[in-house]
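The structure appears below as structure tokens.
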Amino acid sequence: MDERDVRRRTAAKIPGPDTGIEVRRTVCNVCCSSFYCGLDAYVKDGRIIKVEGAADHPLNHGLLCTKGLATREYIYSPHRIKTPLKRAGARGEGKFIPITWEEAYVEIATHLNRIKEEDGPEAVAFFSGIEKWYQAFLHRLAYSFGSPNYGSDNSTCFEAIHMAWKLNAGMLGAADVEHAGTYLAFSLNPYYSRCLDAVNLEKRRAQGMKIIVVDPRVTPAVKRLADIHLQNLPGTDGAVALGMAHLLIRNGWIDRDYIQNYVYGFEAFSRYVEQFDPDTVERISGVKRGELCRAVELLAANMPVAVHESVSPIVHHRNGMQNYRAMTALSAITGCYDRVGGTRPRVNTFSHQTAGFDTREEEFIQSRRPKHTRPAVGTERFPLWEDVAGEMQAMDLARQILEGTPYLVRAIVGFGMNYRMFPQDQKIREALMKLDFFVDTDLFLTDTAKLADIVLPACTAAERGELKVYRGGRAIFTQPVIEPLYESRPDCRIISELAAVLNLDDELLRDGYEACIRYMLQDLSVTVEQLKAARLPIPVPETAPYEERAYTKRGYETPTGKFELYSTVIAALPERYGLDPLPTYRDSADDESAVEYPFLLFTGSSIPHAYNSRLHDISCLRAMRPEPQADLSLADARRLGIEEGDMIEISTRVGAICLRANPSPLIREGTVSMFHGYREADVNSMISWDHLDPYSGFPGFRSVRCRVRRAGEERGGSE
Ligand SMILES: Nc1nc2c(c(=O)[nH]1)N[C@H]1C(S)=C(S)[C@@H](COP(=O)(O)OP(=O)(O)OC[C@H]3O[C@@H](n4cnc5c(=O)[nH]c(N)nc54)[C@H](O)[C@@H]3O)O[C@H]1N2
Ligand SMILES: Nc1nc2c(c(=O)[nH]1)N[C@H]1C(S)=C(S)[C@@H](COP(=O)(O)OP(=O)(O)OC[C@H]3O[C@@H](n4cnc5c(=O)[nH]c(N)nc54)[C@H](O)[C@@H]3O)O[C@H]1N2
Ligand SMILES: [Mo]
């Protein structure tokens with residue numbers, strides 16, 4: 001082959017000894033909590049020059065979404081932090097000087113150990129953003145340090161769903177889509193948030209599975225998947241579910257045997273749902289009575305029903321946890337819980353993924369849980385929280401820092417912390433400004449990192465090796481495909497090194513990531529060596545096949561051993577909390593302000609090309625929706641004289657922002673939809689930090705009263 005040929009092959013990125021291009025296997029980690037798609041990185045001279053989906057990977061079969069395809073731009077972003085940094089100017093000024101890792105560690109150890117000595121270990125909180133891969137390690141670090149104050153995105157994401165399941169059935173449930181007759185999907189748009197699920201749902205629909213989508217918006221899922229779309233108002237899912245229960249019970253489309261043997265509180269529940277007749281449900285939720293009846297008929301005729309386990313929209317409301325319990329009640333009264341084609345009980349295997357085998361991850365964390373500490377942040381305010389989540393409810397963190405009650409929190413050790421994920425984020429920002437010491441670890445110098453005293457550079461999944469587990473009982477230990485860029489390090493290495501410099505009595509954590517993984521996998525017959533040598537996730541022999549009703553027969557892990565429609569755990573709480581044992585429905589939006597703030601703002605639906613606050617600076621992705629926008633219905637826009645692209649002001653009792661209007665036929669009248677994550681249109685600055693679900697502490701991100709007007713107009717023109 002002549003030189004020209006090699007040049008052409010190199011330009012075409014063809015791997016081979018002549019071109020010096022090697023294909024190395026890793027995983028895509030942009031959607032850190034959803035899928036870990038197999039990724040082939042084409043590497044030349046230590047640099048990734050191209051990525052594609054791994055064709056032979058059992059999960060994604062070569063597919064990659066827009067976000068994964070931007071992996072190279074993400075890894076080589078000019079905003080990556082290159083070295084550890086130390087604050088040079090005033091806090092928040094964003095001025096830093098580069099320092100060495102050793103200097104950074106000395107600073108961190110000195111400050112944290114001093115604060116611990118002065119005010120106790122609880123005065124130091126450890127907080128992680130949504131990135132999952134190091135969370136168990138950071139949790140253990142907090143515990144070994146002696147602080148119960150480890151918290152994470154769990155304070156706003158998914159964990160309220162776990163709470164609902166735990167109260168009802170003692171453990172998590174997962175919809176068995178593979179065998180369902182009907183898929184009852186409250187809030188479903190996998191085309192944007194869980195792309196691979198969309199592929200599977202299309203296949204299942206072609207095989208005859210019926211799909212009912214409950215969603216305030218008309219989405220690709222509604223268009224491509226739904227047999228019936230119930231377009232409800234945000235936050236009214238509880239009423240819709242209770243209305244379905246009403247119809248199922250009234251028509252006798254329930255499983256009396258199952259109810260009699262395995263359900264607790266059915267009588268009280270069925271009395272309660274009597275009031276949720278289709279007319280009432282229509283009045284509350286906006287779902288037409290005929291549509292509700294049609295949906296219930298469809299699912300009754302196509303059993304078993306699998307109720308979709310949404311990730312967060314259902315629980316991002318002040319009555320969210322209860323709404324979710326109402327949804328899960330449908331599985332119980334139809335006898336579809338712990339059943340093929342219904343909902344299967346599940347336990348997390350590792351790092352928030354369910355793979356069907358057990359690891360010692362939970363023990364890895366809990367064995368270090370400090371005893372006799374002061375209560376973790378938020379756990380007195382939200383009494384159900386700690387038992388389920390095993391961490392602080394960070395929605396109370398800003399308040400505790402600012403007020404200093406019941407005790408001082410003076411320092412935060414942040415990993416991937418993004419203050420903008422909090423409601424009324426100016427409060428948590430104010431709290432971060434007030435801290436004696438704040439260290440943040442991230443890939444990028446984010447607005448949160450800019451508030452830190454010390455910033456540590458982490459690396460991406462391509463630059464590290466880690467355990468990943470997969471549905472169907474598979475696992476792999478990935479290998480780095482390139483060296484960590486600049487001076488960045490894998491988070492888990494940083495955590496181990498922190499354990500050492502803080503002089504913690506935790507040998508295992510100090511021994512590093514791999515030693516900890518060996519500990520967690522010790523009961524399995526696969527070895528770390530085998531997992532490391534694998535190109536594809538390999539089967540773990542200890543994976544237990546699902547056995548229908550096995551869990552039911554053993555008795556659920558609830559106080560009564562039954563599926564609790566009436567929660568005995570809630571009933572046992574002191575009355576002052578005012579929490580209901582039945583999955584009662586309440587208006588999630590603050591109705592007192594409905595006249596002044598007539599619109600219902602719901603925020604946070606996933607956009608295809610960004611992941612929360614990530615990827616907004618990647619130009620090829622940003623180009624798809626360059627500016628933040630607010631979607632509102634065509635009718636509302638017409639009434640307010642708003643046209644596409646007009647600047648509008650959206651305001652709530654807490655704040656206001658201006659952004660462009662996107663009148664859309666896909667939105668319900670009376671509602672406004674906005675994506676979160678845009679720093680120049682920070683929707684969370686308008687959502688009160690007190691707008692929280694009293695059961696879970698979750699913020700009501702998706703039902704906030706607001707008003708809308710064209711920007712620059714006097715108040716007279718507003719609505
Ligand atoms: N209004 C509104 N607000 C919301 C929501 C909503 O629906 N509406 N949703 C809520 C939900 S469900 C969630 S999960 C949160 C989002 O939770 P966030 O934690 O805000 O999620 P991200 O923006 O994805 O990631 C946070 C940070 O992690 C960093 N990061 C990425 N990978 C790594 C890594 O490997 N190591 C380290 N150290 N850092 C890394 C990123 O650069 C980013 O700065 O937002 C919540 N806030
Ligand atoms: N591309 C992309 N993917 C993501 C993320 C991202 O930012 N971008 N974020 C990740 C994170 S942190 C999370 S938690 C998940 C969330 O993922 P999902 O749980 O899938 O949630 P969303 O995509 O936010 O919303 C799904 C649908 O719920 C609807 N919805 C909103 N409010 C309500 C309501 O009150 N009731 C009902 N029935 N429907 C409602 C929305 O209109 C939307 O169409 O996605 C993850 N995946
Ligand atoms: Mo989330």
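The values are calculated or read from the model by the stated rules, or taken from the named source; none is laboratory data. On a predicted model such as this, the values are computed, not experimentally measured, just so you know. Reconstructed Cβ throughout: ideal geometry from the backbone, glycine too, with neighbour counts over all protein chains shown. With ligands, DNA and RNA removed, areas are computed over all heavy atoms of the protein, side chains included. Shrake-Rupley method; radii C 1.70, N 1.55, O 1.52, S 1.80 Å.
Output the number of residues of the range 92-117 satisfying the condition of being buried (at least 21 other Cβ atoms within 10 Å of the Cβ) and hydroxyl-bearing (Ser, Thr, Tyr).
0
Can you tell me which condition residue 613 does not meet? The list is (1) open to solvent by 50 Å² or more (accessible area, probe 1.4 Å); (2) in contact with a helix residue (DSSP H, G or I) (Cβ under 9 Å, 6 or more places away or on another chain); (3) more than 16 Å from ligand 1 (Cβ to nearest atom), and all the others hold.
(3)
Hey, can you tell me all the residues within the range 675-689 that are of a type outside the set (S, T, N, Q) and under 20 Å from residue 595 (Cα atoms)?
686, 687
Considering the range 579-610 alone, what residues qualify as being out of contact with any helix residue (DSSP H, G or I) (no Cβ under 7 Å at 6 or more places or on another chain) and either among the aliphatic types (A, V, I, L, M) or in a strand (DSSP E or B) (or both)?
589, 594, 595, 599, 600, 601, 602
Would you mind listing the helices (runs of 4 or more DSSP H) fully within the range 211-298 where at least 1 residues are open to solvent by less than 10 Å² (accessible area, probe 1.4 Å) and hydrophobic (A, V, I, L, M, F, W, C)?
Details: elements: 220-225, 237-250, 256-262, 266-273, 278-285.
Where helices (runs of 4 or more DSSP H) fall fully within the range 211-298 and carry at least 1 residues being open to solvent by less than 10 Å² (accessible area, probe 1.4 Å) and hydrophobic (A, V, I, L, M, F, W, C), they are 220-225, 237-250, 266-273, 278-285.
Across the range 174-204, which residue is nearest to ligand 3 (Cβ to nearest atom) among those that are among the acidic types (Asp, Glu) and buried (at least 18 other Cβ atoms within 10 Å of the Cβ)?
Quick first cut of the range 174-204, residues among the acidic types (Asp, Glu) only: 176, 178, 197, 202.
Restricting the remaining residues to those that are buried (at least 18 other Cβ atoms within 10 Å of the Cβ) gives 176, 197.
Numbers: 176: 23, 197: 15 Å.
Among residues in the range 174-204 that are among the acidic types (Asp, Glu) and buried (at least 18 other Cβ atoms within 10 Å of the Cβ), the one nearest to ligand 3 (Cβ to nearest atom) is 197.
What is the one condition in (1) aliphatic (A, V, I, L, M); (2) open to solvent by 40 Å² or more (accessible area, probe 1.4 Å); (3) within 16 Å of ligand 2 (Cβ to nearest atom); (4) in contact with a strand residue (DSSP E or B) (Cβ under 9 Å, 6 or more places away or on another chain) that residue 634 does not satisfy?
Only one criterion in (1) aliphatic (A, V, I, L, M); (2) open to solvent by 40 Å² or more (accessible area, probe 1.4 Å); (3) within 16 Å of ligand 2 (Cβ to nearest atom); (4) in contact with a strand residue (DSSP E or B) (Cβ under 9 Å, 6 or more places away or on another chain) is unmet by residue 634, namely (3).
What strands (runs of 3 or more DSSP E) lie completely within the range 77-173 and have 2 or more residues being within 16 Å of ligand 3 (Cβ to nearest atom)? I'd like the intermediate steps shown before the answer.
Values: elements: 85-87, 96-98, 124-128, 150-152.
Once the strands (runs of 3 or more DSSP E) in the range 77-173 are filtered for at least 2 residues that are within 16 Å of ligand 3 (Cβ to nearest atom), what remains is 124-128, 150-152.
Hey, among 438, 477, which residue is over 21 Å from residue 133 (Cα atoms), of a type in the set (Phe, Trp, Tyr) and surrounded by 20 or more Cβ atoms within 10 Å (Cβ to Cβ)?
Values: 477 fails: over 21 Å from residue 133 (Cα atoms).
It is 438.
Yes or no: residue 448 of a type in the set (Ser, Thr, Tyr), more than 16 Å from ligand 3 (Cβ to nearest atom) and touching a strand residue (DSSP E or B) at 6+ places or on another chain (Cβ under 7 Å)?
Numbers: of a type in the set (Ser, Thr, Tyr): yes; more than 16 Å from ligand 3 (Cβ to nearest atom): yes; touching a strand residue (DSSP E or B) at 6+ places or on another chain (Cβ under 7 Å): yes.
Answer is yes for this residue.
Out of the residues in the range 118-170 that are aromatic (Phe, Trp, Tyr), at negative phi and within 15 Å of ligand 1 (Cβ to nearest atom), which is surrounded by the fewest Cβ atoms within 10 Å (Cβ to Cβ)? Give the derivation first.
The initial filter retains those residues of the range 118-170 that are aromatic (Phe, Trp, Tyr), namely 126-127, 133-134, 137, 143, 145, 150, 158, 165.
Now restrict to residues that are at negative phi: 126-127, 133-134, 137, 143, 145, 150, 165.
Now restrict to residues that are within 15 Å of ligand 1 (Cβ to nearest atom): 126-127, 133-134, 137, 150.
Numbers: 126: 27, 127: 28, 133: 20, 134: 24, 137: 25, 150: 27.
Going through the qualifying residues, I end up with 133.
Could you please find all residues in the range 637-648 being touching a residue at least 40 places away in the same chain (Cβ under 8 Å) and surrounded by fewer than 18 Cβ atoms within 10 Å (Cβ to Cβ)?
Of all residues in the range 637-648, those touching a residue at least 40 places away in the same chain (Cβ under 8 Å) come to 639-642, 646-648.
Once the filter is applied, which keeps residues that are touching a residue at least 40 places away in the same chain (Cβ under 8 Å) and surrounded by fewer than 18 Cβ atoms within 10 Å (Cβ to Cβ), the range 637-648 yields 639, 641, 646, 647.
So which residues in the range 309-323 are within 16 Å of ligand 3 (Cβ to nearest atom) and open to solvent by less than 20 Å² (accessible area, probe 1.4 Å)? Spell out how you get there, then give the answer.
In the first step, residues of the range 309-323 are kept if they are within 16 Å of ligand 3 (Cβ to nearest atom); the result is 309-317, 320-321.
Answer for the range 309-323, where residues must be within 16 Å of ligand 3 (Cβ to nearest atom) and open to solvent by less than 20 Å² (accessible area, probe 1.4 Å): 310, 312, 314, 315, 316, 317, 320, 321.
Residues 635, 623: which one is away from ligand 1 (no atom under 16 Å from the Cβ), closer than 30 Å to residue 29 by Cα and either among the hydroxyl-bearing types (Ser, Thr, Tyr) or more than 24 Å from the chain's Cα centre (by Cα) (or both)?
Values: 635 fails: closer than 30 Å to residue 29 by Cα.
After ruling out the rest, the residue left standing is 623.
Yes or no: the range 549-562 includes at least one residue that is open to solvent by 10 Å² or more (accessible area, probe 1.4 Å), assigned by TED's automatic domain parsing to the domain that holds residue 140 and at positive phi.
no
Among the residues of the range 662-694, how many are touching a helix residue (DSSP H, G or I) at 6+ places or on another chain (Cβ under 6 Å), part of a loop (DSSP other than H, G, I, E, B) and open to solvent by less than 10 Å² (accessible area, probe 1.4 Å)?
1
When you check residue 197 against the structure, is it closer than 24 Å to residue 297 by Cβ and either under 24 Å from the mean Cα position of the chain (by Cα) or at pLDDT 95 or above (or both), yes or no? It would help to see each step written out before you state the result.
On the way: closer than 24 Å to residue 297 by Cβ: no; either under 24 Å from the mean Cα position of the chain (by Cα) or at pLDDT 95 or above (or both): yes.
In short, no.
Scan the range 649-661 residue by residue and report those that are open to solvent by 50 Å² or more (accessible area, probe 1.4 Å) and either at positive phi or touching an Asp or Glu at 6+ places or on another chain (Cβ under 7 Å) (or both).
656, 658, 660
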